[in-house]
1. I want to verify a result. In a Gaussian network model of the chain, Cα cutoff 10 Å, which of these has the top mean-square fluctuation: 158, 148, 24?
2. Across segment 62-130, how large is the tail of the calculated P(r) beyond 16 Å, expressed as a percent of all Cα pairs?
3. Mean shadow of segment 95-230, computed from the convex hull of its alpha carbons, in nm²?
4. Using only DSSP helix segments of four residues or longer, with each worth -39500 (n - 2.57), what per-residue ellipticity at 222 nm results for the chain after dividing by its residue count and rounding to 500?
5. Can you give the relative contact order of the chain as a percent, counting alpha carbon pairs under 8 Å and 6+ residues apart?
6. Evaluate the distance, in nm, between pseudo-label points positioned 7 Å from the Cα of residue 180 and of residue 41 along their respective Cα→Cβ axes.
7. What's the carbon and sulfur percent of the chain's accessible surface, probe 1.4 angstrom, rounded to a whole number?
8. Using only Cα atoms, what Kirkwood radius does segment 14-108 have, in angstroms?
Amino acid sequence: MAEESAFFKELKAAQPFFLMAGPNVIQSEEHCLKMCRQIKAVTDSLGLKLVFKSSFDKANRTSAASFRGPGMEEGLRILKKVKDTFGVPIITDIHEPHQAEAVAQVADIIQIPAFLCRQTDLLVAAAKTGKVIQIKKGQFCAPSVMRNSADKCRAAGNPNVLVCERGTMFGYTDLIVDPRNFVAMRDAGCPVTADVTHALQQPAGRPLEGGGVASGGLRDMIPTIARTAVACGVDGLFMEVHDDPTTSPVDGPTQWPLRHLRKLLVELLAIARATHGKEELTLDLSPVGDDFDPEAEL
């Protein structure tokens with residue numbers, strides 16, 4: 001197996017966490033450049049490592065008529081422009097094995113969407129690029145499954161793997177985040193990240209006038225999930241951020257408003273620095289004697 005890349009080591013060393021943030025989908029070159037410039041200004045002011053994210057194609061849409069993005073060729077051109085302009089690493093999704101090589105020419109992290117986390121050919125194709133691979137845990141999967149998905153990448157010779165929690169189906173139109181997963185997923189033997197915006201989707205939960213459905217979301221709960229994730233010691237956060245969320249053509253209800261990004265991150269950094277969530281607590285179950293000192297463990 002190849003050695004871990006310098007970039008992967010940089011992500012692992014980021015303290016207290018690194019941030020993957022940007023609009024859900026590429027709307028235009030102008031919008032992507034604006035969003036990266038403004039998000040980077042926030043993260044630079046806080047000393048946070050930023051990976052800019054946006055998708056060139058949202059292949060998994062509720063409706064065939066929904067906006068998907070500019071497509072791979074144009075989308076990668078725009079992401080390269082963002083990367084070259086601001087000197088930031090890029091994360092974006094692939095949906096089919098044949099996309100891996102082209103996307104690897106621009107992206108520093110190739111993301112495997114949650115619904116595709118068990119697709120062996122897709123994982124292997126992504127892994128063979130040598131790029132960092134972020135695998136989102138399927139909404140239908142137990143956390144233990146992520147070791148298998150990570151192992152598929154490692155077996156293809158790529159040790160640069162992240163696993164990402166993004167909620168679990170609860171009924172037909174809701175997701176829940178089980179905080180135990182942030183710890184249980186460490187069994188995959190790689191850094192654990194949290195998607196704190198997609199985790200609050202309500203899939204196909206919003207009836208449309210004239211028939212059909214669209215996905216809704218619980219934007220107001222994003223801070224709750226983010227606080228929980230950093231308290232549990234995740235290595236990275238993934239957030240959909242938008243300058244005008246109500247006009248976003250994709251997942252508007254679960255995009256965090258850019259104007260509130262710094263305030264939220266300041267709080268999350270304070271929580272992450274105060275918690276011992278990254279440390280494994282060894283329990284001593286032996287009987288406590290009369291000489292018990294309550295401050296001895298501090």
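The values are calculated or read from the model by the stated rules, or taken from the named source; none is laboratory data. Since this is a predicted model, take the numbers as computed values, not measurements. Here the Cβ is made from the backbone with ideal geometry for all residues, glycine too, and neighbour counts use every protein chain on show. Just the protein is used for accessible areas: all its heavy atoms, side chains included, with ligands, DNA and RNA removed. Shrake-Rupley method; radii C 1.70, N 1.55, O 1.52, S 1.80 Å.
1. 148
2. Values: 1172 of 2346 pairs.
For segment 62-130, the fraction of Cα-Cα distances above 16 Å is 50 percent.
3. Values: hull surface 36.3 nm².
Mean projected area of the Cα convex hull: 9.1 nm².
4. Values: 9 runs with 94 residues, N = 298.
Helices in the chain give a 222 nm mean residue ellipticity of -9500 deg cm²/dmol.
5. Working: 580 pairs, mean separation 48.8, N = 298.
Answer for the chain is 16 percent.
6. 4.5
7. Numbers: 7360 of 14100 Å².
Of all accessible area on the chain, carbon and sulfur atoms account for 52 percent.
8. Working: mean 1/r = 0.0728 Å⁻¹.
Result for segment 14-108, one decimal place: 13.7 Å.
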